[in-house]
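All of the numbers you see were taken from the coordinates with simple rules; none came from a lab. This is a predicted model, so every value here is computed, not measured. For neighbour counting, all protein chains shown are included, and Cβ atoms are generated from backbone atoms with ideal geometry for every residue, glycine included.
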Amino acid sequence: MAAASNASVEQVRTILNEVIDCLESPDYASKLDEAKEAAGNEMLKMMQLVFPMVVQIEIETIKRHGFSASREGIVQFTQLVREMEVMDNEIARLHSRIRSHYLPPVSISSTVDTSL
């Protein structure tokens, strides 16, 4: 079991891949799609409906790897991922893929006038 303090890059990659597999499994994918449809383009609704589903899947996954199945456990794991994604492109890619389930893509227009 990987405790938060001694988890390796490989263990974090494994956990992130398991979360993605679960999110994209037929059981959860349809539930997530329904929640996303209900949320529409409203970020607040997305955070109320979709984000908790993703966090619950993450908690269920990380507890199988020795992390606490609590708010503290998910915070520790997320901090670990954020530290590791700076050093490991694969972790950054996997984490981004998970975030894409609850954060819409942001497009920044270069034609926007930002002058005051």
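Things worth noting here:
- Distance between the modelled labels on residue 38 and residue 82, one decimal in nanometres: 2.9 nm (7 Å Cα→Cβ projection).
- Computed log₁₀ I(q)/I(0) - Debye formula, equal Cα scatterers, no solvent, segment 9-101, q 0.15, 0.21, 0.23 Å⁻¹: -0.58, -1.06, -1.20
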